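The values are calculated or read from the model by the stated rules, or taken from the named source; none is laboratory data. What you are looking at is a predicted structure, and each value in this text was computed from that prediction instead of being measured. Every residue, glycine among them, receives a Cβ derived from its backbone with ideal geometry; neighbour counts consider all protein chains shown. Please note that ligands, DNA and RNA were not included when accessible areas were found on the heavy atoms of the full protein model with its side chains. Shrake-Rupley method; radii C 1.70, N 1.55, O 1.52, S 1.80 Å.
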Amino acid sequence: RLPPLSEVGSKSARLQLVVACNAAEEPCRRQVHALWRWQAAHDDARLVWLQRPEADHRELAEALVAARAQDLLWRVLQGLLARDGPVTADDVRQTVTAAGGHVPRWERDRGDLEVALQVGTERTMAAALGLNGEQAVLASGLPLAATIVADEVAMSRALDAEWARLQGLPSDHGDPRQDRLGQLPAATRQRYVSWILRGERVHGLPGAASSP
């Protein structure tokens with residue numbers, strides 16, 4: 001059975017991180033890997049990776065989503081880090097093989113309509129959350145500034161600052177998030193993100209778009 005999302009961490013985690021990008025591009029893969037490493041060091045954090053491929057990279061996105069059915073996505077991501085520049089579905093096949101996956105099953109899964117629909121759903125979710133840049137990250141329902149997301153060290157510091165804020169601790173880094181949903185209470189922002197990720201229709205929130 002295909003898991004509904006590419007995610008690590010508890011749905012009830014205090015810090016919810018959402019990233020949306022085109023996995024064909026090397027900066028996207030490195031960014032997602034950096035977020036994954038950061039999440040692994042923080043028990044009360046959850047990371048969701050939404051596929052947001054360009055039209056000519058949809059086959060790659062479907063190949064990655066299919067790897068979720070064998071719980072191989074994050075190992076595949078690690079394997080793809082060794083490849084410079086754009087990658088293809090064939091690169092995913094090689095990393096699925098290297099990870100000990102069942103390649104015939106993976107081939108069947110990536111041709112399944114459910115996988116194609118899931119990629120479309122994730123693009124819709126990303127748009128509903130306002131994650132339309134080349135690399136886009138939400139932390140606690142607010143986007144990180146693009147200049148921060150593009151720098152792995154700056155992004156890690158920004159997440160440390162948000163973590164400290166959630167823990168009620170002082171931080172030397174301030175609040176690096178853009179104020180897109182900043183007028184909403186934190187709990188409301190988190191519910192908004194959760195609603196979108198569950199595929200529910202959302203109305204009446206600033207900047208919200210309806211999911212299908």
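Going by average Cβ density within 10 Å per residue, which order do the peptides 17-27, 84-94 take, highest to lowest?
Those peptides, ordered most packed to least, come out 17-27, 84-94.
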**Study point:** Diffusion constant of the stretch 1-75 at 4 °C, which comes from Stokes-Einstein with the Kirkwood Cα-pair radius and 1.567 mPa s, µm²/s
**Key:** 101 µm²/s
Point to revise | Heavy-atom accessible area ranking, 1.4 Å probe, most first, across H102, H33 | key: H102, H33
Practice item. Would you kindly derive the ³J(HN,Hα) couplings of the stretch 79-86 from the backbone phi angles with the Karplus curve 6.51 cos²θ - 1.76 cosθ + 1.60 (θ = phi - 60°), listing them in order in whole Hz, with x for Gly and Pro? Key: x, 6, 5, 6, 9, 7, x, x
Exercise for review: Note down the nm distance, to one decimal, between modelled labels 7 Å out along Cα→Cβ at A40 and at D90.
Suggested key: 3.0 nm
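Among 41-54, 141-154, how do they line up by average Cβ neighbours within 10 Å per residue, starting with the highest? Intermediate results must be reported in sequence, preceding the final value.
Numbers: 41-54: 19.6, 141-154: 17.6.
Per-residue mean Cβ counts within 10 Å order the peptides as 41-54, 141-154.
Counting pairs of alpha carbon atoms under 8 Å apart in space and at least six apart in sequence, what relative contact order in percent does the stretch 35-111 give? Spell out each step's value before the answer.
Numbers: 56 pairs, mean separation 22.9, N = 77.
Reported relative contact order: 30 percent.
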